[in-house]
Amino acid sequence: PIVTKQLIYKKENVRVVYIPDAPVGSPPPYQGWKLLGFQDQKTNQVLKVEEVARRMEKRKKVQD
């Protein structure tokens, strides 16, 4: 099995997928994680960074 971590932003339908920064099959705990990619939460379609940025635009924090 391939271990993954996922963050899901329901409102934006974005799933962020990470894999351990370790050889496949290594046991946990893992020291770090690498970004694997982005998916549409409903369709599982792979999303480009530009599309993710567009969907996540409203989550940006305004700094004074």
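Observations on the structure shown:
- Any chance Asn44 is loosely packed, with under 10 Cβ neighbours inside 10 Å and on the phi > 0 side of the Ramachandran plot: yes
- Residues that are touching a Ser or Thr at 6+ places or on another chain (Cβ under 6 Å) and either of a type in the set (A, V, I, L, M) or at pLDDT below 95 (or both) are absent from the stretch 33-45 altogether.
- One residue from Val24, Val17 being modelled with pLDDT under 95 and either under 19 Å from Val3 (Cβ atoms) or in contact with a strand residue (DSSP E or B) (Cβ under 9 Å, 6 or more places away or on another chain) (or both): Val24
- The set of residues in the stretch 7-33 being open to solvent by 100 Å² or more (accessible area, probe 1.4 Å) and within 17 Å of the chain's Cα centre (by Cα) consists of Lys10, Lys11.
- Matching residues, the stretch 47-64, being loosely packed, with under 14 Cβ neighbours inside 10 Å, hydrophobic (A, V, I, L, M, F, W, C) and over 12 Å from the mean Cα position of the chain (by Cα): Ala53, Val62
The values are calculated or read from the model by the stated rules, or taken from the named source; none is laboratory data. Please read all numbers here as calculations on a predicted model, not as lab measurements. Reconstructed Cβ throughout: ideal geometry from the backbone, glycine too, with neighbour counts over all protein chains shown. To get the accessible areas, we keep the full protein, side chains included, count just its heavy atoms, and leave off ligands, DNA and RNA. Shrake-Rupley method; radii C 1.70, N 1.55, O 1.52, S 1.80 Å.
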